[in-house]
Amino acid sequence: MRLLIKNIQELFGTFESNPGTIKGLEMNKFPSLTNAWLAVEDGFIVDYGCMTDWPGITDWADLTIVDAEGKMVVPCWCDSHTHTVFAKARSLEFEDKINGLSYEEIARRGGGILNSAHAMSLTSEDQLFEDAISRVKKMMLNGTGALEIKTGYGLDVENELKMLRVIQRIKSSSPIPIKCTLIIGHALPADYHSRMDDYIQMLLEQLLPKAQEIGFDFLDIFCERDYFQVYHLEKLLLKSKELNKPAKIHVNQFYSIGGVDMAVNHSALSLDHMEVISDQDWVALKDKPTIVTGLPGCSLFTKIPYTPMRKLMDENIPVALATDFNPGSAPSSNMNLINSLACIQMNMKPLEVLTASCQNGAAAMQIDELTGSITPGKIANFIITKPLERLSELFYFLGEDNIDQVYIKGNPLR
Ligand code: NIG
Ligand code: FE
C-alpha cells in the first residue's frame, strides 16, 4: 500500500530524524515545507519533498495519489493525558456548577471522582470497553493519533484492575498507539476515611503487583492539598524508579504543596495541570527534562487559572498540551479545541501549539520515535486540513471542523 499526497500548501513537522523533546525558542521553529509532497508506504512515512522535486514514479502498482491543493498537512495530535475510560457523564454536577459551585465544593458534597467511582463499580467491563472505544474513534476522527489513558475511577483493587483490563483491550483493538497509566491515589474512598496512609499502602501492596501482571506503562498520583500529600508522591516516585515505570503526576492544580520539587528531583516524565506555580517550583523546574503538560480544557471548564505556558516556554522548560478528557473537570476530548484555547488563553503561537500537541505530546508518552512529527520511519498518522490561508486559521476558527481528512497508518478515516 503506497500513498502520495501532492500539492500540499504547507507540510508541517518535517524533521529528518526524531528531534526528541523540543523546548524554548525551538518550539516556534517546528519546520515546514511549502508546496510539498508526502510519501507513505505500508503505513509509514517514507519521504517528503517540494513539488519542484516531484519524485519520478515508475511503479504505479498499489499507488494512491491524493491532491491536497490549498490544504495543510500536520502530524496527528498526541494526547498525553486522558481519563477516557469512565462509566457515566457527570451532567448533574455540571448543573451544580452552573448554579455556582466550584469543582472542590462539588467533590466535598460527594460528587467528583467518588461519584465516577461509584458508577464504575456498577458498570460491566464490556460496557466500559464499548463506551470507551467509541470515544477513541471520535477522538481519531478529530485528529488524535496517539493517546494516553489512565485508571483512577476504580479506587479499589477489583475496579482498578477492571479499568486496566479495559485499557489493555482498547490498546490491542485500536490502530493508534495507546499508553496506559496506573493511578495510585486519585481520591480517598469513604471506607478509608482518615486513613490515607493505609489506603496508599494498600494500593502499593495489593493493586500494584496484580496491575503488573496485566501491564501498564506509567504511574500517577493526584498530589494536592485535599487529596494526596508529598510524602505519598515520594513513595510513588520510589516505586516508579524501582519498577522502571515513569511517573506522570497530577500536581499543582489548585495549590503548590511541594510536589513539583519532589517530582522533578525524581526525574518524573511529566507534571500535568500546573495551573499554579510558586517561586520555589520555578527554581525546581529550571534545566530539568520533565515535561509540563498544560490542560486548558480543565481550566476552561472548572474556571481555574490557565497553566502559564508562555512563561514556561520563555524559561526554556519543555511543555506539552493535552485534553485531560474526563467526565468531571474536562469533558472535551477534542484536541482542536485545546489548541485554540492554547492560542487564545495561553498566548501560544501556532507553531508552538503544533510542537506541544504533536512532538512533545508524543515525548510525554515516550513514543516520539514512533509519532509526533513528519519524519521517515514514523507511522503515517497525519491530518489534512480544509483549505486554509495560513496555519493560524486552524486554531482561529475555534469550535469549527477545520479538518478535511485524518490518516491513521496511511489509511483515510473520514
Ligand atoms: O485531571 N485532578 C484529578 N483528576 C482529574 C479529574 C477527575 C474528575 O474530576 O473526574 C483531572 O482533572
Ligand atoms: Fe487528569
**Prompt:** Name the pairs whose Cβ atoms lie under 7 Å apart, with the first residue in the stretch 1-20 and in a loop (DSSP other than H, G, I, E, B), the second of a type in the set (A, V, I, L, M, F, W, C), and 6 or more positions between them or separate chains?
**Reply:** Gly13/Phe30; Gly13/Val74; Gly13/Leu354; Gly13/Cys358; Gly13/Ile374; Gly20/Ala363
**Message:** Quick check on the stretch 265-272. Is at least one of its residues within 14 Å of ligand 1 (Cβ to nearest atom), small (Gly, Ala, Ser) and under 30 Å from Arg390 (Cβ atoms)?
**Reply:** no
**Message:** Scan the stretch 26-48 and tell me whether some residue there is under 21 Å from the mean Cα position of the chain (by Cα) and assigned to a strand (DSSP E or B).
**Reply:** no
**Asked** Which of the residues that make up the stretch 256-283 are outside any helix (DSSP H, G or I) and away from ligand 2 (no atom under 16 Å from the Cβ)?
**Response** Ser256, Ile257, Gly258, His266, Ser267, Ile277, Ser278
**Asked** Can you find even one residue in the stretch 305-322 that is among the aromatic types (Phe, Trp, Tyr) and within 13 Å of ligand 2 (Cβ to nearest atom)?
**Response** no
**Prompt:** What pairs come up if the first residue lies in the stretch 87-104 and is at pLDDT 90 or above and surrounded by 14 or more Cβ atoms within 10 Å (Cβ to Cβ), the second is outside any helix (DSSP H, G or I) and among the β-branched types (Val, Ile, Thr), and their beta carbons are under 7 Å apart, counting only those six or more places apart or on different chains?
**Reply:** Ala87/Thr123
**Message:** Scan the stretch 345-359 and tell me whether some residue there is within 14 Å of ligand 2 (Cβ to nearest atom), crowded, with 24+ Cβ neighbours inside 10 Å and outside the structural domain of Phe30 (by TED's automatic domain parsing).
**Reply:** no
**Fill in**
Scanning the stretch 194-213 for residues that are in contact with a Lys or Arg (Cβ under 8 Å, 6 or more places away or on another chain) and either polar (S, T, N, Q) or under 16 Å from Asn244 (Cα atoms) (or both) gives Leu204, Leu208
**Asked** Looking at this structure, is Glu125 without any contact (Cβ under 8 Å) to a residue 12 or more places away in the chain, surrounded by fewer than 17 Cβ atoms within 10 Å (Cβ to Cβ) and either away from ligand 2 (no atom under 16 Å from the Cβ) or assigned by TED's automatic domain parsing to the domain that holds Ala187 (or both)?
**Response** no
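The values are calculated or read from the model by the stated rules, or taken from the named source; none is laboratory data. Not measured: the values here are computed from a predicted model. All Cβ positions, even for glycine, are placed from backbone atoms using ideal geometry, and neighbour counts span all protein chains on display.
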